[in-house]
Structures are given as C-alpha cells and as structure tokens.
Amino acid sequence: MPSLLRQTVALLLAVAAPPPRAQAPAAPDAPPPALSDAARGRALARLVDAYKGDEPARALAYGAEALRIFARMPDDSAHVATLDEMAWAYMTLAQYDSAVAYAERGRRLAERAGQRPGLARAISNLGTIAQRRGDPLRAVELFEEALVVQREIGAPREIANSLNNLGFVYSTDLAEYGVALDYHLEARRLRDPLRDTAAIALSLNNIGIVYGRLRQYDLALAYFDSALVLRRAQGSTARVAATLSNIGDMYQERGAYARALAPHRESLRLRRQVGDRSAIALAHRNLGVAYLALGQLDSAHAELTEALRIGDEVGDRGLAVRNLLGLAAVERARGRLATAEATTRRALAVAEAMPSRELARQAWEALAAVQEARGAPAAALASYKRFKALSDSIFDDNTSRRVAGLERRFSEERREHELAHAQRQEALALLAAERRAVQRNGVIAIGLLVGLVGLARYRRRAERARMAEELSMTDALTGARNRRFLQQTIAMDVAASVRRHRVAAERGLPADDADLVFYLVDLDHFKRINDEHGHAAGDRLLVELTRVLQAASRESDVVVRWGGEEFLVLGRFTDREQAAQQAERLRAAVEAHTTVLEGGRVLRATCSIGYAVFPFVSGDPDALAWEEVVSLADHGTYAAKRLGRNAWAGYVPGDGAPPTHVLHATQRQIDGWVAEGRLRCESSDERLTAVDA
C-alpha cells in the first residue's frame, strides 16, 4: 500500500474511533454497594438514561430501585429525570399507557419542584408518545409547548431536540415538507457547534427523511449513509436500526427491492435485540413491501400480517394504515379485489381519523387503483381526484424550490461547520489518545473512507448545482436578488415571523424582533433619465442604487430587483414601529447619491417608497397573506407619488376591522378603507389623508 494511502487510512481509523463521551454507555450492572443512598439514587438515574433506548427492561429495573430511594430521600432533580427516562423506556417497549403515566408523574413533580428542564423533557416525551400513537396534531402542540420552556431556559441542546421532533412530525405525518426542513436545519445549526455526533447524526437522518419524501432519493441516501457511519461508531443499536430502515426504504422507492432486503433484515434483527415492538412491526412491514414488489406474495402476506398484529397490539395507528395498504396490495395481486377494496377502505378511515395527509393520500391512490381493477371507472375517477387534490396540496409547484432555497441558505451560513470538517478536526485532537483503537475500528474506518470519498464527489456536484441555483436567483444587471429568490425563501421567513410572534405572546412579551417589513422602492422619472442620458446611464444608475439600498439596510435584510426601476427591500425580523424611520433612511440615501457619468455629467435620482408589515395585524398572522402585504406596499408607492414623489407612505391597520382581501384591490377601494378607518396611511407628509387621495 502506498505510504500516502496508509497514512490516510490510519487517520480515518482514528477518526472512526469515537471519543469516550460519545460511545455507547459502558455502565456497570449496578452502582457499587458502598455508595450512600443519595449517591446511589443519582447513579441509578444515570443508568436509566444510559439503557432506556437499547435495553429498556434493564433501565426500568434500575428506575424502580431509584424511585424507592427517592421515596425515602427526596432528590427532585434526579427523581424527575428518572421518571422522564422511565417513560421513554416504556415507550421503547410500546407500553404506551405506562409511558404516559410516568411522563405525567414527571411533569407534575417538575411543576411542583420548579424543575424546568425536567418539565420540558416530560412534555416532549408526551409529544413523542402522541405521535407514535397516531395523533400528530396533539404531538405538535406538546412539542411546541416543550420548545417554549426550553427557549426560556436557554438550553440549545434541548431546543434542537424539540425542533427535531417538530420536523419529524411535519414530514412524516403532516406532509409539510418545507416546514419540516426549516425545523431540521435550525436544529442542526444549533447542534453543529456542540460537536455532539449523536445529535448531528439524528439531524442528518431526519433531513434525509425529508428529501426521501420529496423523492430526491440520491440526496436522501447521502444523508442516511453519513448518519449510519456516525451511529455505528456510537454503538447505538436502536438508532442504527432506524437508519438501516430508512436506507431500505430509499432502495424500495428507487425500485431496487432485492437490494432493500438486506438493510431491512438487519434492521429487524437489531430491533428484536432492543425489544421495541412498534419498530419491530415496522421492520416486518418493510420486508413485506419488498417481498410484494418481488412477487413473493406468500412471504409478503406473512410479514405484513405479523406487522399488523404487533402494530394493533401497541396501538400504532400510522403503522396500521401502512400495513393495511400493504395487505390490500397483496390481495389485489392475488385477484381478490373485493377483499382488497375493503382493506383499503379500512386504511383510509384510520388515516383520515388521525388525521394524516400523507397516509390519506396513499390510501386514496390505492383505492382508485383497486376500483379501476374492479371495473368501476366512475368510483375510481372520484377517488383519484381526491388523491390528486391531496398530492397537489403537498407537492405544490413551489415546494421543491423552497426546499432548495433552505438547503442553499443553510450551506452558505454554516458551511464551515459541516459534519465532515468537524469530524476531521476532532480526529486530529484525539489521534494520540486513540491509537490503541485503530484495529478495533478497522471496519468502521473503511466505511468512513468510502463515505468520505462519496461525500466529496457529492459535494462537487452539489457545489456546481449551488452555483447554478445562485445565478438563477440573482439579477444579471445589478447583482441584487430577484423575484425567484424571494419566492424560494419567503415561506420560511414568514413561518419564522409567525413563530416568533407566537412565542412572544405565550411569554407575555412584546414581539419587537418578529416583523417582516416590505418596502417597494420605485425610482422617480426613470424613463426621463433613459431618454435624456441613454440606457447605459440608466443601467449604471440602477447598479449604483442597488449598492445604496444595500448600504442603507441591515445585513440581514434583502434587496430584490422587483422589475424595471423598482426594488423590493425586505426588512427581516425587525420592529414595525421602526418601519417609517427605515423608509426615510432609504429615501434619503437615494436622494443623496450622485452618479458621475462619462464626461463628468452628474446624475441624481429620487424615489417613492411604499411599505407594509407582516403580520399585518399583530397577533393575527392569518389576517393577510404576505402577498397581500406586498400589494399594500405597492399602493403605498402610488400614495407617495401623489405627494409629489421623493416621499414615502405606508399602510397600517386602522381602528376598524382590517380588510380581508387586498391582493387585487383598486386604489379607490384602498382610499375607501382609509376613509372607513379600516386602514391608516402614515407618510413623510402627514397631509396625506383620504380627502387628499
């Protein structure tokens, strides 16, 4: 082997050897008997946490002993932690009633004792149980409640966990993939500086799930492969099984069913070791789907029947839907169409009761197929229309573009914190201490070597794609962002604004950094400039004024070339009370700028600015959509021009009920709403009233 390659492999072997803090727990069977009761109780609490995922029965035994000690010698912090982790262990065993009981006990004790971290953990556990029992809307409520507590505490690790949980529900059950990816990327931004490889692996895995749902299978597999390398190094049996299951799913989605069998079988083997019955049922279901695609109907029926039996025992409704749809497909393949339709309708009823848009979409599609096979075209068409409507609501034209924008933004903001870079840096620091682990981790290193080579190739492709995407979102003349950029990114800004308002309201605090302000900047008499000085001079003015607007805005704001001589400036996460001052700052900056043309000619310009704020009604984000807010800002530019140009005007709520639909409103309607007190116009010239208009 060439020396350079030997050195590379040796370094990778060292990288693969995880630091002691990240390895699977190597706890003793029990704390030493010489410990005092207080110390023993705390040690047992740590053991419950160590074993709750991979050996839940063992964790529960330790927890029972710890609770007996805390009954004699109260220790609120350790007591709450023990109840929380025992709830998780019961959930791993799919004993959900017991899990809820312990989580509620932990919640009540945490509230009485003022243990805020334990309270957040208990609420989060209840959310996870609700999600696994097929109640995604309740899960979202609980995860958001936990997130509020964690933000109050200021615990980035736990904040990231709640963001991760929310992203998982939105992608798996609610099919809101843009929202899901927003949560997962925010979670990873928090996790990267913590250098917690287990948490980073979780983010990689769940981002892969979102891309898999969006049918970007190569990208999903890249994330899953990276997560698997880290999880194998960690020795986390349950997490490795979950990622293997996801990898098998991606092969199935790509039609490589024979290749999917190996990861699904290994996942089932590992899940049996852990004893997670819900996960075992899922593994049987995955194998059944693969066998069905391969035409092995008896094997498929056996696996799916076992999956349904276990899933019904543990009360996992989402899994029940998937199992029923699989069994219906087997019956359809056998020609038993009446049984197939009845089974599909059972699946549909459960999916709509949950409710789960993604599962309902799959059920309507299956129902249309079996109805068509039975010779009922009218019924099949009606079912297909329901399927199509759900699909269109999930995979709308802008979904993939919004997702691409999120990934691009994350890469730009946190490229220096990418996983591979963090791992290599950590490896250099740990190399001397980890030399003895080289042989033991040989297999892991080879996998990491292959993964890094593949990741490098993927990064080159991704960088080329990113550059092309960047060019497509940049105005060729001015270098400003264009409308396509705003369309790709605005949904996440809107979601973040709404979330900040909600959190502020829950805390009883003012939302002074949660508003989005849209400023439309229209250059005055631009046609005259082109006519008198030529289009080259007009272009030069546009380029320079782009820089002027950027300099007059904050770094977090966005300047967009909206069209022709019009710009949109998006003030991100600011205070609506500062909107007028910023409008004046932009106006004054444009007025003060001079453009020197060839021959020494000096060109000056002014602008008219209109603005409006989202949420238009503070505390009611649904009052007007962001597009309607931009429409109000556009009307503001006309109001500014009525003042004689070189002015600004903004529309804000009046004393009456605000209008509900303004996207296609005429100026006469706008003026009528001002006269009625439903809108108010604030401007650089306070004489602008409904009468003047």
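Observations on the structure shown:
- Condition met for residue 672 (open to solvent by less than 80 Å² (accessible area, probe 1.4 Å) and farther than 22 Å from residue 576 by Cβ): yes
- Cβ-Cβ distances below 6 Å connect the following pairs, each with a first residue in segment 93-117 that is small (Gly, Ala, Ser), a second residue that is outside any loop (DSSP other than H, G, I, E, B) and surrounded by fewer than 19 Cβ atoms within 10 Å (Cβ to Cβ), and a separation of six or more residues or different chains: 113/76.
- The listed residues are 657, 592, and the only one of them that is open to solvent by 50 Å² or more (accessible area, probe 1.4 Å), within 30 Å of residue 510 (Cα to Cα) and of a type in the set (A, V, I, L, M, F, W, C) turns out to be 657.
- Checked against (1) within 37 Å of the chain's Cα centre (by Cα); (2) surrounded by fewer than 19 Cβ atoms within 10 Å (Cβ to Cβ); (3) of a type outside the set (Phe, Trp, Tyr), residue 679 passes all but a single condition, namely (2).
- Residue-level analysis places residue 298 outside the set of residues that are charged (D, E, K, R) and either at pLDDT below 90 or touching a strand residue (DSSP E or B) at 6+ places or on another chain (Cβ under 7 Å) (or both).
- Residue in segment 308-317 that is under 18 Å from residue 252 (Cα atoms) and either surrounded by fewer than 23 Cβ atoms within 10 Å (Cβ to Cβ) or touching a Lys or Arg at 6+ places or on another chain (Cβ under 7 Å) (or both) present: no
- You will find that of 233, 260, the residue that is in contact (Cβ under 8 Å) with a residue 60 or more places away in the chain, aliphatic (A, V, I, L, M) and part of a helix (DSSP H, G or I) is 233 and no other.
- In segment 263-276, the count of residues that are of a type in the set (A, V, I, L, M) and crowded, with 24+ Cβ neighbours inside 10 Å is zero.
- In segment 212-227, the qualifying residues are those that are over 17 Å from residue 256 (Cβ atoms) and in contact (Cβ under 8 Å) with a residue 24 or more places away in the chain, and the one that is farthest from the chain's Cα centre (by Cα) is 226.
- Odd one out for residue 543, checked against (1) more than 19 Å from residue 612 (Cα to Cα); (2) touching a helix residue (DSSP H, G or I) at 6+ places or on another chain (Cβ under 6 Å); (3) modelled with pLDDT of 85 or more: (2)
- Scanning segment 500-530 for residues that are of a type in the set (A, V, I, L, M, F, W, C), outside any loop (DSSP other than H, G, I, E, B) and either modelled with pLDDT of 85 or more or open to solvent by less than 70 Å² (accessible area, probe 1.4 Å) (or both) yields 503, 504, 516, 517, 518, 520, 521, 523, 526, 529.
- Filter pass, residue 564 being more than 26 Å from residue 627 (Cα to Cα) and small (Gly, Ala, Ser): no
- Counting the residues of segment 327-347 that are closer than 16 Å to residue 285 by Cα and open to solvent by 10 Å² or more (accessible area, probe 1.4 Å) gives 4.
The values are calculated or read from the model by the stated rules, or taken from the named source; none is laboratory data. Quantities reported herein were computed from a predicted structural model and do not represent experimental measurements. Methodologically, a virtual Cβ is constructed for each residue, glycine included, from the backbone with ideal geometry; neighbour enumeration extends over all protein chains shown. Heads up: the accessible areas ignore ligands, DNA and RNA and are worked out on the full protein's heavy atoms, side chains in. Shrake-Rupley method; radii C 1.70, N 1.55, O 1.52, S 1.80 Å.
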